[in-house]
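One structure is given below, encoded as structure tokens.
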Amino acid sequence: MNFDLDDQQRDLASAAGDSLASVTSTAQIRAALDGDASGLAPGRERLAQSGFASITVPEASGGGGGSVLDLAVVAEQAGRVLAAPSVVTWARAAVLLDGDDARLSALADGSSAFAVVDAGAPTLDAVGATSFLALVGDDVVVATGSVETPDPIDPTRGLGRVTLRDTEVIATDARARWDRATAVGRTILAAEGLGTAARAVEMGVEYAKDRVAFGRAIGSYQAVKHSLVDAYVAVEQLRSLVWWAAWTADASPDELPLASAAAKAFAATAAQEATETLIQVHGGIGFTWDHDAHLYWRRAKVDRFLLGDETTAYDDVARTALASA
């Protein structure tokens, strides 16, 4: 059995990586930290036009009609360049709007800017959203709303606290649908974390090869090389979990709750380890705002708490595993 990506998915990853890298830069994120978020890229409109975000929207509604695994491939590339907004939002909305062709079309073409509201938690991509999806009782609703935005740790995440207004029920008795959307969202979030962590390790390795101390590249010192190897191993373990979770979403939905929780939990740990290692390897410059390392660290810190922190996710792993034992 082949547990790797196929050639078409590798081509998709390459195309998404090139496209996203061509329009994003850390300078845009720095400007957003100073209060100007207008340049964050690729932005909702460009991301919708690219077709990458709407891969899991049915073709009949203007989407790609692809798999969650296809979207995870794109999400990894988005995580590498700290792209904004998040394809997690499209992934969850595509599940919640299943059967609503008009709204799915609006999601796919970008004419409606959706965000998904989790009770009691900041909402991902709330900034700039015009329509909000939420669970009220056992019903999925769509609503307008107002957004309160605190000073961001990671401005690319567009976090805000949403007060819903003018709710309309679009799916009754839909808790199972909500749970699937959350599991798919966790999977795609973990895929973005995979990209962030992998890029952090690459940056650390590149610097360790070039930086010389006491006549030797610092990568030749055990303290440095072992830290980078540990981070690399965590990234590759996360890669396996992400592909497993994405595969279950498409082919084995009964396994999705366990797989998505495992991927989400380990992504929080792996991304933080990788970004902290990146800072440590860079020494003094790594601890300053002058280097880009803190932008990756910010992403890891924020993502750790989205869709439940790793403690919540590990609890979900334990409960799901015990229930199926």
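The values are calculated or read from the model by the stated rules, or taken from the named source; none is laboratory data. Just so we're clear, the structure is a prediction, and the values are computed from it rather than from any experiment. No Cβ is skipped: glycine too gets one built from the backbone with ideal geometry, and neighbour counts run over all protein chains shown. Accessible surface is based on the protein model in full, side chains and every heavy atom, while ligands, DNA and RNA are left aside. Shrake-Rupley method; radii C 1.70, N 1.55, O 1.52, S 1.80 Å.
Results, tabulated for the structure shown:
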{"read-out": "Proximal charge balance of ILE153 [Cβ under 12 Å; K/R count +1, D/E count -1]", "value": "+2"}
{"read-out": "Total formal charge among the other residues, if their Cβ is under 15 angstrom from that of ALA318, Lys/Arg +1 and Asp/Glu -1", "value": "-2"}
{"read-out": "Candidate aspartates and glutamates for bridging to LYS301, where Cα separation is under 18 Å - those fewer than 8 sequence places away on the same chain excluded", "value": "GLU76, ASP125, ASP151, ASP154, GLU192, GLU273, GLU276, ASP292, ASP309, GLU310"}
{"read-out": "Exposed-loop-free span, longest in the chain, where chymotrypsin sites (Phe, Trp or Tyr not before Pro) count as exposed if DSSP calls them loop and at most 10 other C-beta atoms lie within 10 Å", "value": "4-213"}
{"read-out": "Accessible-area composition of the chain, carbon plus sulfur, in percent [1.4 Å probe]", "value": "52 percent"}
{"read-out": "Relative contact order (%) - the chain, alpha-carbon pairs under 8 angstrom, separation at least six", "value": "16 percent"}
{"read-out": "D (Stokes-Einstein, µm²/s), Kirkwood Cα radius, region 8-167, 1.567 mPa s at 4 °C", "value": "81 µm²/s"}
{"read-out": "Calculated diffusion of region 118-255, Stokes-Einstein form, Kirkwood radius summed over Cα pairs, 10 °C and 1.306 mPa s, µm²/s", "value": "87 µm²/s"}
{"read-out": "Two-decimal ratio, region 167-325, of alpha-carbon radius of gyration to 2.2 N^0.38 Å", "value": "1.22"}
{"read-out": "Translational D in µm²/s for region 76-128 (Stokes-Einstein at 10 °C, 1.306 mPa s, Kirkwood Rh from C-alpha pairs)", "value": "132 µm²/s"}
{"read-out": "For region 162-212, convex hull volume per residue from C-alpha positions, Å³", "value": "102 Å³"}
{"read-out": "Mean Kyte hydropathy of 0.0 or more with a Cα span along the axis of at least 15 Å, helices from DSSP in the chain", "value": "68-80, 222-251, 256-281"}
